[in-house]
Amino acid sequence: MGLVIAQVISILELYKLGYLKDKSNVLDIGSQELHLKKNDLKNLCAQTKMDISKIDSYPDIDMYPSKPRCSSKYLWESLGIKEYNSIDINEEHGSLNHDLNLPFEKKDYFNKYDIVTD
């Protein structure tokens, strides 16, 4: 699963409009990766007046479209999100192992996140 250019543009638009300002944690349903080239990400982020210097240090950012790919965690961190988690049976990128076809009952994760993506 991954964030393609359209989703990244949407996330950056929310950032630019200030909707992420007081948000500190995010939960991705599925271990999301960045599915775009580093220069495309840099150009999009530069349009939002973001500091793009961190993008060069994102792990595996130069690998797309090959694997391994960069986790979306690093984009979220660049947007000011301090805590990132994901849920996926594949356990990639440190995700919590859970089959999303089954009910999620780990109550310590309930009402914990400012943003939940799917």
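The values are calculated or read from the model by the stated rules, or taken from the named source; none is laboratory data. On a predicted model such as this, the values are computed, not experimentally measured, just so you know. FYI the Cβ positions are ideal-geometry reconstructions off the backbone, even for glycines, and counts take in every protein chain you see. The accessibility values were calculated without ligands, DNA or RNA, using every heavy atom of the protein model including side chains. Shrake-Rupley method; radii C 1.70, N 1.55, O 1.52, S 1.80 Å.
Helix 5-16 and the long axis of the chain differ in direction by around 80°, with both axes built from C-alpha atoms.
Taking amide H as placed 1.01 Å from N in the peptide plane, the amide H of residue 3 sits under 5 Å from that of 33, 34, 35, each at least 5 places away or on another chain. Counting every pair of alpha carbons in the stretch 58-98, the share spaced more than 14 Å apart comes to 53 percent.
Can you give me the relative contact order of the chain as a percent, contacts being Cα pairs under 8 Å and 6 or more apart? Could you put the intermediate results ahead of the total?
Details: 172 pairs, mean separation 39.1, N = 118.
After rounding, I find 33 percent.
In order along the stretch 102-114, phi translates into HN-Hα couplings of 10, x, 9, 10, 7, 5, 5, 9, 5, 6, 9, 10, 6 Hz, rounded to whole numbers, per the Karplus curve 6.51 cos²θ - 1.76 cosθ + 1.60 with θ = phi - 60° and x for Gly and Pro.
Entry note: the chain has Rg to Rh equal to 0.96, where both radii use alpha-carbon atoms and Rh is the Kirkwood radius. Modelled this way, with points 7 Å down the Cα-to-C-beta line, the labels at residue 52 and residue 37 are 1.3 nm from one another. Charge tally for residue 68 (other residues, Cβ to Cβ under 10 Å; Lys, Arg +1; Asp, Glu -1): -1. Heavy atoms of the protein chains alone define the surface here; on that basis the chain has 60 Å² accessible area per residue at 1.4 Å probe size.
For residue 101 and residue 66, FRET efficiency with R0 = 22 Å and r from the beta-carbon atoms, rounded to 0.05? Can you show the working numbers first?
Values: r = 29 Å, r/R0 = 1.31.
Efficiency for this residue pair is about 0.15.
At a 1.4 Å probe radius, carbon and sulfur cover how many percent of the accessible area of the chain?
Working: 3400 of 7030 Å².
C and S fraction of accessible area: 48 percent.
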